[in-house]
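Scroll down for the structure; my scribbles are underneath it.
The values are calculated or read from the model by the stated rules, or taken from the named source; none is laboratory data. None of the values given here were measured: they were computed from a predicted structure. Quick reminder, even Gly has a Cβ in these numbers, built from the backbone with ideal geometry, and neighbours come from all protein chains shown.
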Amino acid sequence: MSKFGRRFKMNLMNHWVKLAITLSVVIMIGLSIWGMASLESYYRNITLATMPINMLMMAVNAVVFVFLYTMVMQGGFSKIDTKSVNAKEVNIKFSDVVGMDEAKEEAWEVVQLIKDHSKLKKIGGKILRGILMLGPPGCGKTYLAKAIATEAGLPFLSMSASEFVEVFVGVGASRVRKLFKKARQLAYGFGGCIIFVDELDAVGRNRAFNQFGGSETNTTLNQLLVGMDGLDSQQENVIVIGATNAPEDSLDAALLRPGRFDRKVYVVRPNLEDRAKMFAYYLEKVKHDSSIDVAVLARKAIGKSPAEIENIVKESALISVRKGLDVITYKEITEAVERIELGIKNKIKMNPREREMVAYHETGHLMVTYLLHPRDDVFKASIIPRRSSLGVVHPTPREEWFVHDREAISADIKVCVASYVAERLKFNTTTSGVSADFQHAMRIAHQMVWKLGMGPSGYIGDYSSIPENQLAETIKTKLNDDTNKILKDCMDECEALLKKENEIFERFAHELLVKDELEYDEIEAIFNEYGKSNPRIFGGKGTSFDKGPGTDSQQKT
Amino acid sequence: MINQKLNIAFLLLLLSFATFVGCGKATYDEQNIIKEMKKICLEEYKVSDVEVKIVGKTIGVFLPLERLFESDIKKMILSGKTTNLDSLFVPLPDAMDKLNDVLFTTARVVLSSDIGLEFYQLYVSDVESTGLQIVLTGYIPDLDRMRMWDIPHSEYRKRVLHDLKLNRALLWERPVRNLFRDAGKISSFEALSVYFSEPPKPLTVSPLFYNFLTEIQNKKNLKIDLQTVKGRTYFGNQGLIYVKLVETYEPKDGTNPSGISYPSGSELEYIFIVDMIEETFKITQVIPLYYLDENRQLKKIAFPKELDLYQNLESWPDHFEIEDINMGEFIAIQLARRMQNLLAEDERIRNTMTMAQVNISYLHHPKDIGPIRKEPYFSIQMDFEPKNSGAGNAKELPSGTFLENEDTRYAAALVMKEFVDVIRSYRFSQYGYVEILGLHQELSKNFGISLENLELFRKKQLNIKELFEAGFSL
């Protein structure tokens, strides 16, 4: 059958109900005309005159019927709102996908496999069934899926997995069936079809095989598995692209086995180069100062996802408009980053004593970060309240690190406890503002000793993997002593530093009390004034170490 | 976008449907209405011999039935057992069915016509034994309003005028019509014995008609088209029936055409004298209006001029005559009957009046005698005689007594309320005032009521006393 013929047949299969209804309506209207014409004029006129009210009554009846049917029979719930899109309408090419070269490479291969499915079938290869995109949110999984659809030139059915989930058992499975049916029809006409299921973890989590397990989710997932397997012997070229931010191991094993999601594409946060490209890409879309160096911006946005980068540019555009500027400058982008990172300034009014204590607290963080941290620069210091904090020192790593060494981790602890030391040195007392700092410092120190073998007593290994009741009390005591020692050592070091550099310490506190905020350049200038050069530029060092979770570099009071 | 297009397409489809259907002309027009009506009666309801006439805005339908009433009226009356005359005039179920069928056909046709008919008259006639006719007269828009539930059936029934009439010409026509109907189907001998009072002789039935009777056996495919049948009273039970006909036939095989008196397709005219003999109507004499000359050519008989026969014939009534009905007169008759029923059914009036009669007419002034009297008017004659009046007639009551008597006032109010309600219901405005007769002892001072005051009375802003007191002298 020709391509046209197949499409015609597909449309016929797809819309036969509509066609049948239209044909019936036309026939009925024709018969009505014939019937009415054969009536005597009086009856004809009566019928015509009463037609509007009859139609109104019919419409009311229909509405009531549909309402009752939906409410009582629940027949309407299995309807799915699948967005069926033609590849041409999606129109996102691989060239439009900025960065993520490895993911693109993987995806490109997939596109080739989809396109050459007939060749693949000829040599006996199995058609690709599914691609699973894994990665943090906002990294472009959906965007990449659309690019795959465009490049493959196939219809694209997009649906969120949460749309399958319904209170009523069986509705989700019914929706999955309908989705696959529609996809197969499109595949028949267009030679293939891509189903994109976003947030796959909503139905794809490990199934619970007990009486309390969500049987509806299980049924939906089972149907999805069956749909992907193509057990109904229809070997149409239907590819399922799933996307999730959930960890891979939280998904059901059956989903991940070959024959379902054969390929896994990891879409990770962009690296420095990709971030620079993304800044350039998004800045292209807005009017901006041509002197903006995207490389600098990329360095500022370490760990940011493409969505976050886009948000920074959008926010800077808003700030520019508010300021009445024609173009976005570096300053607005910086403000946007600050607003996103630190939050909006709030109007809490601190008393002078409080304000002074916060200034010294933050100065402690600032001094130790600048002088002792091997990787982080101080991007900004502020004693203006934001979100829940009264002040903030915002550090930024100079470059991207995927592992953290002992020095860097220790420096993190030092930065945390520096606020306590600073308060004690200056006021001979401490505040509740150190609570979050101590929590953070303690956690890091605990991990160093218990998990990373960095304790001073030489206990090596991950003691947290052993159930606590199997650990000897002596070991636990030793380990806890080590944790304490690390904290104490860090504190001593901070104290020595702040005493030694008391002049600078007082100067920064004073500057903060006067200016409220200090920018990177101002901070750098003051240190330079006292003959202190940036140790990360003039003597950085580092070793390999895996950064543990929760090591937030931001220090807030 | 697709939905919008579909909606537009659907609307266009509906519009074209309405245009297709709604822009068609009326089903029955002036040319075909009579023919179609007869056709519907015959084909759909198997009712034959229906005649239809249109005069002005009135359509008349004639339905002849061999038997209309359940009882044999003549026998019942002669038996002396009948105490209630109304019980004699109960139509047969079969007659009732035919009546309803023809009435329904009439309604269908007039409502689907565009010739502006306003009234219908249905004559259901007993043509075999009594010559009685039930005549129903109705206003066509009432049919529409009844079907559209604008007026209830009970109200519609009140609006139709029911009359019983006697048309003896129908009885005299029967033997003549039946004779020509059966000619060719029964033998000449049978025809003579059934339809004639005695075996006819050439002298009594005329040589021409005698030839017709005797030559029937030589003709095949005989068809007699009765073009005109008229009748009138002669003496006593005798009637004269004038017939104009066209006779077509073919000579039977073996018959010499020259042996037949006149050729096929000849137009003939006769006057038949019909008499009641032993309770049946029979032809006693036939007077031809043609004769055969010595060349066997049909020639018209020259009657003496002083007879003015042909002129007279034109004035003879048709067995089915209708007149264009006037709306005002129709309402007046209807009102008179409604009021009479109202008074008869009202318990208070029955208890308090020895006589309560109302008559109403719709009249035209012969000449203009004042600005208010240019238009036609309704004249209501009220004759009320309260039981406690002590006199034979309200006219004899002292001046002003009529309006002082509560019962009379009540009866008059009942009558006037019915009048204003019915008139308003018809939205009839072709009258200038209402004349009230017979109320006041000084009858020479009959008075008129203006339309404005009638409207105030209808709105209950005037009571009956105030209404009458506001009357103007005539």
Could you tell me whether A:LYS331 is at pLDDT 80 or above and not assigned by TED's automatic domain parsing to the domain that holds A:LEU512? yes
The range B:440-460: number of residues that are among the hydrophobic types (A, V, I, L, M, F, W, C), crowded, with 16+ Cβ neighbours inside 10 Å and at pLDDT below 90: 1
Return yes when B:ASN167 is closer than 24 Å to B:LEU65 by Cβ, without any contact (Cβ under 8 Å) to a residue 40 or more places away in the chain and among the polar types (S, T, N, Q) and no when it is not. no
Name the residue that is farthest from the other protein chains (Cβ to nearest Cβ), counting only residues in the range A:1-51 that are surrounded by fewer than 10 Cβ atoms within 10 Å (Cβ to Cβ) and assigned to a helix (DSSP H, G or I). A:GLY5
Of all residues making up the range A:433-484, the number that are free of Cβ contacts under 8 Å to residues at least 60 places away in the same chain, assigned to a helix (DSSP H, G or I) and farther than 17 Å from A:ALA408 by Cβ: 23
Of the residues in the range A:247-277, those that are in a loop (DSSP other than H, G, I, E, B), under 19 Å from the mean Cα position of the chain (by Cα) and surrounded by fewer than 17 Cβ atoms within 10 Å (Cβ to Cβ) come to A:PRO247, A:VAL268, A:ASN271
For B:LEU13, indicate whether it is free of Cβ contacts under 8 Å to residues at least 24 places away in the same chain and away from chain A (no Cβ under 14 Å). no
Residue check, B:TYR120 against (1) among the hydroxyl-bearing types (Ser, Thr, Tyr); (2) within 21 Å of B:GLN133 (Cβ to Cβ); (3) at pLDDT below 85, all met but one. Which one? (3)
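Yes/no per residue for (1) assigned by TED's automatic domain parsing to the domain that holds B:ASP86; (2) small (Gly, Ala, Ser); (3) under 30 Å from B:LEU78 (Cβ atoms):
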{"position": "B:THR137", "(1), (2), (3)": "yes, no, no"}
{"position": "B:PRO152", "(1), (2), (3)": "yes, no, no"}
{"position": "B:SER193", "(1), (2), (3)": "no, yes, yes"}
{"position": "B:PRO207", "(1), (2), (3)": "no, no, no"}
{"position": "B:ILE216", "(1), (2), (3)": "no, no, no"}
Could you identify the single residue in A:ILE348, A:ILE344 that is surrounded by fewer than 15 Cβ atoms within 10 Å (Cβ to Cβ), touching a Pro at 6+ places or on another chain (Cβ under 6 Å) and under 27 Å from A:GLY391 (Cβ atoms)? A:ILE348
Tell me, please, whether a residue that is surrounded by fewer than 14 Cβ atoms within 10 Å (Cβ to Cβ), at pLDDT below 70 and assigned by TED's automatic domain parsing to the domain that holds A:ALA254 can be found in the range A:102-111. no
Which ones in the range B:299-345 are acidic (Asp, Glu), within 30 Å of B:VAL415 (Cα to Cα) and in contact with a strand residue (DSSP E or B) (Cβ under 8 Å, 6 or more places away or on another chain)? B:GLU323, B:ASP324, B:GLU329
Enumeration of residues in the range A:304-319 that are over 15 Å from A:SER291 (Cβ atoms) and polar (S, T, N, Q): A:SER305, A:ASN311
Kindly check whether there is at least one residue in the range A:346-353 that is closer than 29 Å to A:MET278 by Cα and within 28 Å of the chain's Cα centre (by Cα). no
Scan the range A:347-371 for residues that are of a type in the set (Val, Ile, Thr) and more than 23 Å from A:GLY531 (Cβ to Cβ) and jot them down. A:ILE348, A:VAL358
Checking A:PRO137 against (1) touching a residue at least 24 places away in the same chain (Cβ under 8 Å); (2) farther than 25 Å from A:VAL268 by Cβ; (3) in a loop (DSSP other than H, G, I, E, B), the condition it does not meet: (2)
Restricted to the range A:320-332, and to residues that are surrounded by 15 or more Cβ atoms within 10 Å (Cβ to Cβ) and in contact with a Lys or Arg (Cβ under 8 Å, 6 or more places away or on another chain), which residue is nearest to A:PRO535 (Cα to Cα)? A:GLU332
Residue satisfying all of: in the range B:35-53; surrounded by 13 or more Cβ atoms within 10 Å (Cβ to Cβ) and over 21 Å from A:LEU39 (Cβ atoms); modelled with the lowest pLDDT among these: B:ASP49
Strands (runs of 3 or more DSSP E) lying entirely in the range B:273-315 (those with 3 or more residues that are surrounded by 13 or more Cβ atoms within 10 Å (Cβ to Cβ) and not acidic (Asp, Glu)): B:280-288, B:290-292
In the range B:250-261, the residues that are surrounded by 13 or more Cβ atoms within 10 Å (Cβ to Cβ) and touching a residue at least 40 places away in the same chain (Cβ under 8 Å): B:ILE260, B:SER261
Those residues of the range A:123-161 which are β-branched (Val, Ile, Thr) and more than 15 Å from the chain's Cα centre (by Cα) amount to A:ILE123, A:ILE127, A:ILE131, A:ILE148, A:THR150
Name the single residue that is farthest from the chain's Cα centre (by Cα) among those in the range B:151-204 being among the β-branched types (Val, Ile, Thr) and more than 20 Å from B:ASN237 (Cβ to Cβ). B:ILE186
